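Okay, structure first, notes after.
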Amino acid sequence: MAEALLHVDGLRISIPTDDGLAQILDHVDLEIPKGRIVGVVGESGCGKSTLVRAVLGILPRAARVDEGRIGFAGEDLLKLSPADMTRRIRGKAIGFIPQDPFLALNPVFTVGTQLLEIMRWHASDGRAAHRAHLVELLRAVQLPDPDAALDRYPHEFSGGQRQRLLIAGALACRPRLVIADEPTSALDVTTQLQILRLLRDLVSRFDVSMLFVTHDFGVVAQLCDDVMVMYAGQSVEAGPTAAVLDAPKHPYTQMLIACHPDRAQDLAGIPGSVASPLKPPSGCRFHPRCPSAKPVCHGPRPAQVHVAEREVACVLYG
Ligand code: SF4
């Protein structure tokens, strides 16, 4: 196994609300080795976005980190000051590709103005060198006529081209890790495939690691080396993508994969909805929806067990 670049250990995050304390993440562990693409997959409300925001240091003001560590390149990100996160980490050592290419670019500034601003903030090579670097990046993301593209406005580009611009922006300051938050969900399937191929190519070409957030196991299958499945703020199964897809162990993973349109036998889906973080079920949080649940599943939270190349949190494998 390659050395881990990002190491999330036992992360617990809660947010006080008018209705009580919402437990958003509960002892989440995640490892991203150098040069690997790790997918984080789960339904809406499972905690994927909070995990990303914790790594980027942009949690909501009310959020509380109750426990855990986010190790990145030898530092604990949770111990860095907001100024350090802004100056050295977010946008520099860790690049970010947002979800919606139609909302992420400001329509009143040219693309060049916006991308150069990222570089001006984090690097001191001078405007001409920054522009030359951006032209190279736009060529790498296969945008036609990259020099002229910098002087155009976002509305002059298609959705796929805008996503390529944002990918170039994420790579602009030569990051070591790129976080992509469902970057293909707003694109049509043909463009989605092109972007996924491009991302895989860029990861090896620019020697970066990637955390890829998605709700779609089909995207995980096409892109990710490893996958972590999240349910109701907990990691329930994590391992190499091929092993998890070929023989999923956790009942939630099995049902999530079975729901994918390529495999679904019917439209039944997973009964019920994701557990509320305000009053999560005791023991295994999936037990109200699990067809294999037993009385023991209501007791202590199932421990992570190493089974067939992956970690699984389910009493069936205790
Ligand atoms: Fe189902 Fe129990 Fe396993 Fe949870 S621990 S997934 S409820 S069998």
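My understanding is that a pair violates if its Cα-Cα distance is over 21 Å; which of Lys34/Lys92; Lys48/Lys294; Lys48/Lys279 do that in this structure?
Working: Lys34/Lys92 17 Å; Lys48/Lys294 27 Å; Lys48/Lys279 19 Å.
Distance filter (> 21 Å) returns Lys48/Lys294.
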Quiz prompt | Cα gyration tensor shape for the stretch 123-229, rounded if a/c is under 1.5, else prolate or oblate | solution = oblate
Exercise. In whole Hz, with x marking every Gly and Pro, tabulate ³J(HN,Hα) for the stretch 294-304 from phi via Karplus 6.51 cos²θ - 1.76 cosθ + 1.60, θ = phi - 60°.
Key: 10, x, 5, 5, 7, x, x, 4, x, 6, 6
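If you average the sequence gap of Cα pairs under 8 Å that are 6 or more apart and divide by the length of the stretch 143-209, what percent do you get for the contact order? Kindly include the intermediate steps, with their values, before the conclusion.
On the way: 28 pairs, mean separation 23.2, N = 67.
Once divided by the residue count of the stretch 143-209, the mean separation gives 35 percent.
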Practice problem: Give me the percent of DSSP beta bridges within the stretch 180-318 that run antiparallel, rounded to the nearest 5. | Solution: 85
Quiz prompt | Label-to-label distance, nm, for residues given as Asp246 and Asp76 (7 Å Cα→Cβ offset) | solution = 3.9
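Please give the net charge around Lys34, taking every other residue with its beta carbon less than 13 angstrom from that of Lys34, where Lys and Arg add +1 and Asp and Glu add -1.
Numbers: positive: Arg36, Arg176; negative: Glu3, Glu31, Asp207, Asp225, Asp226.
Residues close to Lys34 contribute a combined charge of -3.
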Quiz item: For the stretch 74-86, in order, what is each residue's ³J(HN,Hα) by Karplus, 6.51 cos²θ - 1.76 cosθ + 1.60 with θ = phi - 60°, in whole Hz (x at glycine and Pro)?
Solution: x, 10, 8, 4, 5, 9, 7, 6, x, 5, 5, 4, 6
Practice problem: Rounded to the nearest 10 degrees, what's the angle between the helix 111-122 long axis and the longest principal axis of the chain, both from Cα atoms, 0 to 90? | Solution: 80
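Could you calculate the contour length gain from Gln254 to Glu309, that is, 0.36 nm times the residue separation minus the distance between their Cα atoms, to one decimal place in nm? Present the calculation step by step, with values, prior to reporting the outcome.
Numbers: separation 55, 0.36 × 55 = 19.80 nm, distance 1.62 nm.
Full-extension gain reported as 18.2 nm.
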Self-check item: Pairwise label distance in nanometres, Lys279 with Arg152, each label 7 Å out on the Cα-Cβ vector
Solution: 5.4
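Out of the total accessible area of the stretch 101-174 (probe 1.4 Å, heavy atoms of protein only), what percent is carbon and sulfur?
On the way: 2010 of 3610 Å².
Here carbon and sulfur together make up 56 percent of the probe-accessible area.
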Exercise. Between Arg200 and Arg139, with labels modelled 7 Å along Cα→Cβ, what's the label distance in nm to one decimal, could you check?
Key: 2.5
Quiz item: So for the chain, taking the charge dipole from beta-carbon charges (+1 Lys/Arg, -1 Asp/Glu), which of Leu116, Leu202, Thr190 sits furthest toward the positive end?
Solution: Leu116
Practice problem: Only Cα pairs under 8 Å and at least 6 apart count here; give the relative contact order of the chain as a rounded whole percent. | Solution: 21
Quiz item: Quick one: accessible area per residue over the chain, 1.4 Å probe, rounded to a whole number of Å²?
Solution: 46
Self-check item: For the stretch 101-174: relative contact order, % (alpha-carbon pairs under 8 angstrom, 6 or more apart)
Solution: 46
Quiz item: Which ³J(HN,Hα) values, rounded to whole Hz and listed in residue order, are derived for the stretch 127-136 from phi using the Karplus coefficients 6.51, -1.76 and 1.60 in 6.51 cos²θ - 1.76 cosθ + 1.60 with θ = phi - 60°, glycine and proline given as x?
Solution: 4, 5, 5, 4, 5, 4, 5, 5, 4, 4
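For the chain, what does the alpha-carbon gyration tensor say about shape, rounded, prolate or oblate, given a ≥ b ≥ c as the root eigenvalues, a/c under 1.5 as rounded, and a/b over b/c as prolate?
Details: a/c = 2.01, a/b = 1.63, b/c = 1.24.
In terms of gyration-tensor shape, prolate.
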Self-check item: Gyration tensor (alpha-carbon) shape descriptor, the stretch 15-108, a/c threshold 1.5
Solution: rounded
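The values are calculated or read from the model by the stated rules, or taken from the named source; none is laboratory data. Because the structure is a prediction, the values reported are computed rather than measured. Don't worry about glycine lacking a Cβ; one is built from the backbone with ideal geometry, like all the others, and counts go over all protein chains shown. Accessible surface areas use protein heavy atoms only, side chains included; no ligands, DNA or RNA. Shrake-Rupley method; radii C 1.70, N 1.55, O 1.52, S 1.80 Å.
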